[in-house]
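Contents: one structure, followed by commentary.
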Amino acid sequence: MPNQTVSPPTSPIATQAGETLVKIANVNKHYGSLHVLKNINLDVKRGEVVVVIGPSGSGKSTLCRTINRLETIDEGEITIDGNPLPKEGKALAKLRADVGMVFQSFNLFAHKSVLQNVTLGPMKVRGKSSAAAKERAMELLKRVGVDNQAEKLPAQLSGGQQQRVAIARALAMSPKVMLFDEPTSALDPEMINEVLDTMADLARQGMTMIVVTHEMGFARRAADRVVFMADGQIVEQNTPEEFFSNPQSERARDFLSKIL
Ligand code: ADP
Ligand code: MG
């Protein structure tokens with residue numbers, strides 16, 4: 001009897017995985033005479049976790065900020081899900097919601113409760129009802145382990161808790177991609193892991209993530225790809241295994257010798 005050919009099952013996730021979600025093509029940016037991003041090309045696929053590392057001043061934060069248009073670019077193109085970044089207005093607010101960002105400083109609204117911090121955006125930008133926003137916010141606060149702090153003000157929480165609230169706030173907008181710019185750099189050492197663990201969970205659940213960090217342990221365990229930047233350029237990129245065991249450039253070797 002001839003072998004039956006069985007076509008593989010097509011699930012929505014299987015067909016989506018591998019698509020480019022964030023495309024950064026030939027991007028250049030200057031601050032006056034400083035060429036801060038030099039012809040950056042980077043494609044991030046749906047579900048991929050890209051960790052960006054490199055010395056201070058190499059342009060990592062600037063690159064992050066161009067992706068949700070907190071900074072403009074001089075040349076090149078950035079697209080999210082095939083759409084060029086909008087310049088202003090409602091479309092820009094929607095883009096910012098699609099691209100969640102978590103900064104080094106937690107940037108929570110100081111005079112709003114933890115819960116309000118998470119519900120405001122979905123109500124204003126996504127048009128959610130108060131009840132729906134609240135329900136989703138409580139789910140997310142639970143997921144990052146701070147649901148018992150919902151009625152407090154940010155200042156009453158530890159740095160690690162505040163940063164987890166910031167993650168929940170970004171997630172509440174149902175972003176397509178999450179950007180993290182040194183999210184643990186301002187934290188006391190004992191709080192770093194609780195935030196990294198939250199991020200690693202998110203990565204495991206399939207979130208597309210671009211993470212700037214000096215936490216090489218996180219890069220090793222959570223990254224699909226490590227991108228090494230120096231002096232405004234992507235100098236090399238590789239899987240974490242390859243990058244850490246066999247860096248190709250002198251600059252990457254030098255950087256690793258200083259931090260590992
Ligand atoms: P990184 O995040 O890798 O430390 P940044 O993207 O913050 O690097 O900065 C890259 C370079 O751009 C640095 O030399 C920095 O001083 C400069 N820079 C950053 N922001 C500005 C700005 N708003 N105006 C002028 N120069 C800036
Ligand atoms: Mg930076």
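Every read-out reported here was derived from the displayed coordinates using simple, explicitly stated rules and does not represent laboratory data. As the structure is a computational prediction, the values presented were derived from the model and not from experiment. Cβ: placed from backbone, ideal geometry, glycine included. Neighbour counts: every protein chain shown.
When the chain is treated as a Gaussian network with alpha carbon springs shorter than 10 Å, the biggest mean-square fluctuation among Ser33, Ser56, Ser129 belongs to Ser33.
In summary, the aspartates and glutamates within cross-link reach of Lys134, defined as a Cα separation below 14 angstrom excluding same-chain residues under 8 places away, comprise Asp147, Glu151.
Look at where the Cα atoms of the range 198-212 and of the range 44-90 average out, and the two centres are 17 Å apart. Counting only DSSP beta bridges whose two residues both lie in the chain, roughly 55 percent are antiparallel. Listed by chain and number, the lysines placed with their C-alpha closer than 17 angstrom to that of Lys29 are Lys38, Lys60, Lys87; residues fewer than eight positions away on the same chain are left out.
Annotation for Leu120 and Arg204: the two label points, set 7 Å from Cα along the Cα-Cβ direction, are 3.2 nm apart.
Quick one: grab the alpha carbon gyration tensor of the range 150-228, order the square roots of its eigenvalues as a ≥ b ≥ c, and give me rounded if a/c is under 1.5, else prolate or oblate depending on whether a/b is larger than b/c. Oblate is the answer for the range 150-228, as a/c is 1.5 or above yet b/c matches or exceeds a/b.
Applying a DSSP loop filter and a limit of 13 other Cβ atoms within 10 Å to the trypsin sites (Lys or Arg not before Pro) in the range 16-103 leaves Lys87. The alpha carbon centroids of the range 100-135 and the range 215-260 are separated by 34 Å. Taking amide H as placed 1.01 Å from N in the peptide plane, Glu71 has its amide H under 5 Å from the amide H of Thr66, each at least 5 places away in sequence or on another chain.
Amide H contacts of Glu236 (H built 1.01 Å from N, in plane; Pro and chain starts excluded): Phe228 sit under 5 Å, all sequence-distant by 5 or more or on other chains. For the pair Leu92 and Glu242, the difference between a 0.36 nm per residue extended length and the Cα-Cα distance amounts to 50.2 nm. Residues whose amide H comes within less than 5 Å of that of Val211, counting only those at least five positions distant or on another chain, are Val50, Val51, Val52, Phe180 (H built at 1.01 Å from N in the peptide plane). Write down the percent of antiparallel bridges among all DSSP beta bridges whose residues are both part of the range 132-260, to the nearest 5. Of those bridges, close to 50 percent are antiparallel. Quick one: grab the alpha carbon gyration tensor of the range 76-231, order the square roots of its eigenvalues as a ≥ b ≥ c, and give me rounded if a/c is under 1.5, else prolate or oblate depending on whether a/b is larger than b/c. Oblate shape, in that a/c is at least 1.5 and b/c is the bigger or equal ratio. Among the trypsin sites (Lys or Arg not before Pro) within the range 135-194, not one is in coil by DSSP while having at most 14 neighbouring Cβ atoms inside 10 Å.
Are there any GluC sites (Glu not before Pro) in the range 59-91 that are in a DSSP loop and have at most 16 other Cβ atoms within 10 Å? List them by number. Answer by residue number: Glu71, Glu88. Shape class of the chain from the alpha-carbon gyration tensor: rounded, with the ratio a/c of largest to smallest axis under 1.5. Based on DSSP H segments of at least four residues, each scored -39500 (n - 2.57), the chain has a per-residue ellipticity at 222 nm of -11500 deg cm²/dmol.
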